[in-house]
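What follows is a single structure, written as structure tokens, with notes after it.
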Amino acid sequence: MQTPQPTWDDIRWLREEWGGEFMVKGIMRVDDAKAAVDAGATAISVSNHGGNNLDGTPASIRVLPAVADAVGDQVEVLMDGGIRR
């Protein structure tokens with residue numbers, strides 16, 4: 001909980017270091033989906049990281065359509081997480 005979250009610059013650096021496929025997990029917003037594509041992701045995973053521990057976190061299935069529409073066919077879109085919450 002006290003470790004700083006990675007930045008998009010960190011993600012870009014990791015992408016440059018890794019020559020293979022590169023998925024970013026934990027995407028729950030359209031702007032983050034677009035940022036992941038801009039950072040070089042080849043896939044994104046719509047996931048709330050077990051957000052059932054946070055009352056205000058939407059279920060992954062609720063944000064999936066908007067995220068998928070935002071990135072189109074630029075990257076593969078997967079979903080990880082709950083359907084109900």
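A count restricted to segment 28-43 and to residues that are within 8 Å of the chain's Cα centre (by Cα), open to solvent by less than 20 Å² (accessible area, probe 1.4 Å) and closer than 17 Å to ASP9 by Cβ stands at 1. When segment 1-19 is filtered for residues that are charged (D, E, K, R), open to solvent by 80 Å² or more (accessible area, probe 1.4 Å) and closer than 16 Å to ASP32 by Cβ, the ones remaining, listed by number, are ASP9, ARG12. Restricting segment 19-48 to residues that are out of contact with any strand residue (DSSP E or B) (no Cβ under 9 Å at 6 or more places or on another chain) and among the acidic types (Asp, Glu), which is farthest from LEU64 (Cα to Cα)? Result: ASP38.
The values are calculated or read from the model by the stated rules, or taken from the named source; none is laboratory data. It should be emphasised that the depicted structure is a prediction, and the values quoted were computed from it without experimental measurement. When we count neighbours, we look across all protein chains shown, and the Cβ atoms used for this are built from the backbone with ideal geometry, even at glycine. Keep in mind that these areas ignore ligands, DNA and RNA; they rest on the heavy atoms of the full protein, side chains included. Shrake-Rupley method; radii C 1.70, N 1.55, O 1.52, S 1.80 Å.
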